Each structure stands twice: as C-alpha cells, then as structure tokens.
1. Spelling out what I want: for every residue of the range 325-333, take phi, set θ = phi - 60°, compute 6.51 cos²θ - 1.76 cosθ + 1.60 (Karplus), and round to whole Hz; glycine and proline get x.
2. Measuring from label point to label point, each 7 Å out along Cα→Cβ, what is the Asp226 to Ala295 span in nm?
3. Kindly give the semi-axes, whole Å and largest first, of the ellipsoid equivalent to the range 225-276, taking each as the square root of 5 times a Cα gyration tensor eigenvalue.
4. Determine the equivalent ellipsoid of the range 92-226 by diagonalising the alpha-carbon gyration tensor, then write out the semi-axes as square roots of 5 times the eigenvalues, largest first, rounded to whole Å.
5. Using 0.36 nm times the number of residues separating Glu203 and Tyr9, minus their current alpha carbon distance, what extension gain do you get?
6. Given H placed 1.01 Å from N in the peptide plane, which residues other than close sequence neighbours of Asp119 have an amide H under 5 Å from its amide H?
7. Residues with beta-carbon under 15 Å from that of Gln306, excluding Gln306: net charge, scoring Lys, Arg +1 and Asp, Glu -1?
8. Apply 1/(1 + (r/R0)^6) to the Cβ-Cβ distance of Glu20 and Glu251, taking R0 = 45 Å, and write down the FRET efficiency to the nearest 0.05.
Amino acid sequence: MKAARLHAYHEPLKLDDVDEPKALGPLDVVVRIGAAGLCRTDLHIQEGQWAEKSGVQLPYTPGHENAGWVHEVGSAVSNVQRGDTVIVHPFITCGLCGPCRRGDDMHCLNGSFPGINRDGGFADFLLTSARSVVKLGPGLEPKDIAALADAGLTAIHAVRKAIPVLAPGTHAVVIGAGGLGHIGVQCLKAMTPAEIIVIDPSEKALALAGELGADHTVRVDGAHVDTVKELTDGLGAEAIIDFVGEKGAIEDGIAMVRDGGFYYVIGYGENINIPTIDVISREISFIGNLVGTYADLEDLMTLTAQGQVSLHTTTYPLDAINDAMADLDGGRLQGRGILVPAN
C-alpha cells in the first residue's frame, strides 16, 4: 500500500510502498482510509517536537484524524463488520485500567496513539481496535467528517468542560476560527446559551465564524483586546477557549479573561507565562484539553447527523501531502485540510 512517511525531522514526507496491516489480534480492526485530516500537530511532529515524548522510530506514518471503511476484523470483533463506514477515535485504549473504567479514555494506562507513537492514517490502510471505531449513520461520508476525529473531538471536549460556567448572559471568547475553532463555535452554539465572541486575524475565518453562529467577530488588529473588553462590560469573558496557543494568543487570552474566569488551553506552540501572584489574585483557572472521550465522539456524530455541526474542508490527494502541509503551515487553509487516498 501507499503511505506518506516521515524519514527525517524538518524534511518533507515521502510516499512509500509498505506492507498492508493485518488484523492479527482478536479485537483488531483494519480500516481502509477514505480520508485523513491534517492537524497542526502533524507540523509539530515534522518539526521534531514530539520526538522525545512519542518515542517513535523513524520512518513512520503520521495521521491521527481518520475515517473510512472496515476492511478486516479480528475474531472477537462484534460491533462492526467488513464494509461498515466508520470514524476512528485517535486513541487505542485497553478498556480495563482505572481511567478507562471511569470513562477517562485519553488517560488510558496502556494506550497507543496511531499517528503519534505508531503508524497512522496518511496511508491506504490503518490498524486500530474495535473499541476505537464508531459506526457512522447513512449520509455521513469519510471525506466530510474525518477531521472530526481529532479537531472536532478536541473542540467538543473543551466546550463540554466549559458548560458549567457558561450560563445565560455569560461570554465565551474563541481564539482562532480555523480548523478547530470553527467547530468549537458550532459546539458552543449547540450546547451553551453563552454569547460567543470570536477573534482571528483572517477576515475570511471571521466571516465563516459569523455564518456558523458567532455573536461577535473581532479582527486581531492591535485593539482587539479592548474591543472584547467593551463587549463584556469591561470585565472580560467567563471562558477563553484558545485554539491557537502561540503568536500572542496566550497574552491576549489572559488579558481578556474575567477575574475568576477559566482559560481552556487547546492550541500549543508556546508556554503560558503569567506571574503566580496574578493567577492567585485574579483567581484564573487554566485547564488543559487532550482530544476527547468515546462519549464525546458519539455526541459529536449525533450533532453532525442533526446538522448542528459541519466541517469546512479542502481536499488533497495523498501524493500531495507536502503541498497540504505547506498550505497548513502558511495559513492558506480555511477550515480543515483532508487527504484522500487513491484506493
């Protein structure tokens, strides 16, 4: 099969011929990839930021946002069968450890992460597990929903954490209306009564955010923090949902959060730098978000089937992987980039 593989950090990926994965274990599932989403984490992987954390040996195949059709199943798989259309939760978990039994899937003690610490979905086929595949209803096609496996899952997971602080009359500021942010806006609209303020440097991204339910859109122009303060009666927002995490976004977010407010960290690339006394005196809470649970993914698929969440995409053939990565890195993508294999 064909696979786009990283052979060396800071270098383009190469399209290789590799062996197809096989369902050798009883709960193994091999998925024929119909679409694989591009994520900024893929850029960070290419840059070597995950080298030590993931422990992966090069070359390997990135790609952790995947959807397609069941190709082969292990002997004990009963929830899907060959030919079923599925979206793939990005984490493979055991289901037996303490975190798994509590539904805290992303902190499985025995988990593995295709596209991060083992071969992922920038390929014709992907090996995953029965627990990680969610069967899709009629009308949902892999190319239309693949990126929801991470971008959408991460967005709904963060929004769900913010629900308790977003009562009627409150404000949520979304930093970044790109691949994750445009989904986060829709989840906020569907799941909370909060007034939604979106900030982004791109007029196109802001226009999309407005179409998807943002109550206010604010262009990053040097006065955007003051504008947000005006929209929140000078107090700031109860919730900052930061899908960027770099290039000044963190400083802006800290300036825009209300005293006693909550800062949900999703995007990364730079460190949070704030005096401890400010955290204490303003009583700001910083909350990390690592993808999401199986329940989050099920709920996201329900919202998608209901038409409350849609994904804006640009598609590329698998052999254009480096063009797609360059467009993502250069900020030329609106919504999410999707790789479609030729299989």
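Read-outs: derived from the displayed coordinates by stated rules, not from any lab. This one's a predicted model, so the numbers in the text were calculated from it and none came from an experiment. Neighbour counts are summed over all protein chains in view; Cβ atoms, including those assigned to glycine, are modelled from backbone coordinates with ideal geometry.
1. In residue order, the calculated couplings are 5, 5, 5, 5, 5, x, x, 8, 8 Hz.
2. Roughly 4.5 nm, to one decimal.
3. One finds semi-axes of 19, 11, 10 Å for the range 225-276.
4. 32, 19, 14
5. Values: separation 194, 0.36 × 194 = 69.84 nm, distance 3.32 nm.
Fully extending the segment from Glu203 to Tyr9 adds 66.5 nm.
6. Thr61
7. Spelling it out: positives minus negatives among the neighbours equals -2.
8. Result of the calculation: an efficiency of 0.40.
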